[in-house]
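Report on the following structure.
The values are calculated or read from the model by the stated rules, or taken from the named source; none is laboratory data. Here the structure is a predicted model, which is why all the values come from computation and not from measurement. Quick reminder, even Gly has a Cβ in these numbers, built from the backbone with ideal geometry, and neighbours come from all protein chains shown. Please note that ligands, DNA and RNA were not included when accessible areas were found on the heavy atoms of the full protein model with its side chains. Shrake-Rupley method; radii C 1.70, N 1.55, O 1.52, S 1.80 Å.
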Amino acid sequence: DTGVSQNPRHKITKRGQNVTFRCDPISEHNRLYWYRQTLGQGPEFLTYFQNEAQLEKSRLLSDRFSAERPKGSFSTLEIQRTEQGDSAMYLCASSLVGGAFTDTQYFGPGTRLTVL
Amino acid sequence: SQQGEEDPQALSIQEGENATMNCSYKTSINNLQWYRQNSGRGLVHLILIRSNEREKHSGRLRVTLDTSKKSSSLLITASRAADTASYFCATAREKLTFGTGTRLTIIP
């Protein structure tokens, strides 16, 4: 157990519906990352936050995707008008920049999204 | 997009043997990390090697890094059935950029 939690663990939705995922990082970590992983592939970066500031977004993050980290603690990832191509595992990770374990990212168990 | 590739894509060995996986990448890095992923689960961090390091050990794991060849290798010694998983290398600047993974199967 790395200490990063994600909810829900599984989500099945119909095409066109909106979904929201939550990530709770390790409490003292100042960076939080979102990745997406499809079957048989490595995770791909979506976006990351340092405290509450969103510092980088991948071109994979279309207009239908939005991520927030309002108080610099937990984060939410929302997908609007879901498409079947959004079906994937959504992974959250956190790290502490500036500490003894700088750059090591600790991953949560992921949220598996299935869009029917 | 994926940064690099692991080689081989799949590896099956007998329990007790050593397993070696290779990773190649394309751009300059701050560090390179190896992760393990059991089927359908999150990633577990194994080891981090910085760009100015050439070799690092952790238990049964040995990682090498050759920045001139933009490659790294992960050696797992005395493999166990519990080592069966997918292994990913990831290069780091701010974000992690993962390879495509090696699926390792340990045969009891």
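Can you give me the C-alpha center-to-center distance between the stretch B:1-67 and the stretch A:1-31, rounded to a whole angstrom?
Rounded to whole Å, the Cα centres lie 26 Å apart.
State log₁₀ I(q)/I(0) for the stretch A:6-65 at q = 0.16 Å⁻¹ as given by the Debye formula over alpha-carbon point scatterers of equal weight, solvent excluded.
-0.65
In chain A, how does Rg compare with the Kirkwood Rh, expressed as the Rg/Rh ratio over alpha carbon atoms? If you can, show how the numbers build up before the last one.
On the way: Rg = 13.5 Å, Rh = 14.1 Å.
With Rg and the Kirkwood Rh in hand, the quotient comes to 0.96.
What do you get for trypsin sites (Lys or Arg not before Pro) in the stretch A:1-44 restricted to DSSP loop and a cutoff of at most 10 other Cβ within 10 Å of the site's Cβ?
Listed in order of number, the matching sites are A:Lys14.
Counting pairwise Cα distances across the protein assembly as shown, what percent come out greater than 21 angstrom?
Working: 13600 of 24976 pairs.
Looking at the protein assembly as shown, the distances longer than 21 Å represent 54 percent of pairs.
Order the peptides B:28-37, B:48-57, A:67-76 from the highest to the lowest mean number of other Cβ atoms within 10 Å of their residues. Mind dumping the intermediate values first?
Working: B:28-37: 20.8, B:48-57: 14.0, A:67-76: 15.9.
Put in order of decreasing packing, that is B:28-37, A:67-76, B:48-57.
Against the empirical 2.2 N^0.38 Å scaling, what ratio does the C-alpha Rg of chain B come to?
Relative to the 2.2 N^0.38 Å estimate, chain B comes out at 1.00.
Please work out, to two decimal places, the log10 of the ratio I(q)/I(0) at q = 0.25 Å⁻¹ from a Debye calculation in which every Cα of the stretch B:10-52 carries one identical scatterer.
-1.10
Figure the gain on full extension for A:Ile26 and A:Ser66 (residue separation times 0.36 nm, minus the Cα-Cα span) and round it to one decimal in nm.
Gain in length upon complete extension: 12.2 nm.
Work out from phi, with θ = phi - 60° and the Karplus expression 6.51 cos²θ - 1.76 cosθ + 1.60, the ³J(HN,Hα) of each residue of the stretch A:21-29, listed in order in whole Hz, and give x for Gly and Pro.
10, 10, 10, 10, x, 4, 4, 8, 6
Which order do B:Asp66, B:Asp7 take when ranked by solvent-accessible area (1.4 Å probe, heavy atoms of all protein chains), largest first?
Ranked from most to least accessible, the order is B:Asp7, B:Asp66.
Build a GNM of chain A with springs between Cα atoms under 10 Å: which of A:Glu78, A:Glu56, A:Glu28 gets the top mean-square fluctuation?
Fluctuation is largest for A:Glu28.
Evaluate peptide A:42-53: per residue, the Cβ atoms of other protein chains within 10 Å of its Cβ; return the mean as an integer.
On the way: counts 18, 11, 6, 8, 1, 1, 3, 0, 1, 0, 0, 0.
Mean inter-chain Cβ contacts per residue within 10 Å come to 4.
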